[in-house]
1. Report, in listed order, any pair from Lys71/Lys166; Lys86/Lys197; Lys212/Lys252 with a Cα-Cα distance greater than 25 Å.
2. Eigenvalues of the Cα gyration tensor times 5, then square-rooted: what semi-axes does that give for segment 127-264, in whole angstrom, largest first?
3. For Lys68, go through the aspartates and glutamates and keep the ones whose alpha-carbon is under 15 Å away, minus same-chain ones fewer than eight residues off.
4. What's the FRET efficiency of Ala78 with Lys174 using the Cβ-Cβ distance as r and R₀ = 22 Å, to the nearest 0.05?
5. For the chain, what is the calculated [θ] at 222 nm in deg cm²/dmol (nearest 500), taking -39500 (n - 2.57) for each run of four or more DSSP H residues and dividing by its residue count?
6. Would you grab the residues whose amide H sits under 5 Å from the one on Asp237? Only those 5+ places off in sequence or on another chain, please, with H modelled 1.01 Å from N.
7. How much length is gained on full extension from Lys109 to Lys266, taking 0.36 nm per residue of separation minus their Cα-Cα distance?
8. Given a 10 angstrom Cα cut-off, can you work out which residue in Lys174, Lys149, Lys68 is the most mobile in a GNM of the chain?
Amino acid sequence: MIVQKDFINRLKQFGLNSYEAKIWTALLSRGVATAGELSDISNVPRSRSYDILESLEKKGFIIMKLGKPIKYIAVEPAEVLERVKKRVMQDAEQSHGTLEKLKGSEIVKELTVLHNKGVDLIDPADLSGSVKGRNNVLNQLETMIKGAKQSIVLLTTEEGLQRKAKHLKNHLNKARKRGVKIKIGAPITKKSEGAAKIMSVIGEMRHIEDVKARMMLIDDEQLAFMIADDSVEPDFDAGIWVQSPYFTSAVKTMFETVWKSGTVFK
């Protein structure tokens with residue numbers, strides 16, 4: 001795939017170097033691909049492609065697909081822009097203005113066209129991936145919440161409830177205002193009672209003892225679940241994202257059993 005030099009240079013506004021920009025645009029055009037395929041398409045040396053893909057994953061531009069051979073899925077450009085904005089604002093407030101100008105720009109429209117073409121080529125079975133690092137996990141949950149149309153189901157731990165009340169409450173509240181039904185289950189203790197009060201305003205909050213799960217279900221179509229407990233270091237936290245109505249509905253059936261055992265928090 002030949003990408004004009006001017007287009008690659010403009011992608012540097014996203015905080016990418018030339019190789020990262022080439023690999024990302026190649027993945028956007030394919031939807032899902034291996035490191036070797038992306039190296040061939042983008043003309044980036046194969047010896048560099050794995051490091052570049054790891055860098056893009058850490059920045060939240062791509063998701064590594066489960067299974068072998070290892071493949072990668074592109075995150076929607078508009079969502080990538082929001083993630084870049086958040087990271088840059090944390091690191092340097094002075095960079096915020098530059099990224100704000102990218103909203104609605106021609107480059108985002110061009111990238112979205114690339115992504116949409118790639119999505120059309122993806123097999124539904126490929127819509128799953130791993131998310132590494134607590135910040136990236138929270139970013140993925142935010143993305144899922146923003147796309148929710150009917151329902152959000154959240155099951156978490158005592159520590160997880162406090163964290164989500166802090167980082168996700170605004171997005172959950174916007175979903176509530178859109179008419180999305182929200183259910184939240186977690187152990188409610190003295191430590192997490194304040195978070196429970198915040199969340200009970202947003203959705204139906206229930207006290208469920210001894211929860212050993214951290215997961216979120218969206219519209220009976222998407223599921224994200226964590227594969228480690230809260231004791232893990234944030235950089236080593238990890239989750240699995242799946243878009244599968246069949247699998248999600250099965251998990252929701254199990255959730256409803258746990259939900260019925262809970263006590264409504266008021």
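Quick note: the coordinates plus some simple rules give every number you see, no bench work behind them. Just so we're clear, the structure is a prediction, and the values are computed from it rather than from any experiment. Glycine also receives a Cβ, built like all others from the backbone with ideal geometry; neighbour counts cover every protein chain displayed.
1. Working: Lys71/Lys166 33 Å; Lys86/Lys197 27 Å; Lys212/Lys252 16 Å.
Cα-Cα > 25 Å for Lys71/Lys166; Lys86/Lys197; rest within.
2. Values: eigenvalues 74, 64, 47 Å².
With the √(5λ) rule applied to segment 127-264, the semi-axes are 19, 18, 15 Å.
3. List returned: Glu37, Asp126.
4. It comes to 0.85.
5. Calculated from helices alone, the mean residue ellipticity at 222 nm is -15500 deg cm²/dmol.
6. Gly133, Arg134
7. Extending this stretch completely gives an extra 52.0 nm.
8. Lys68
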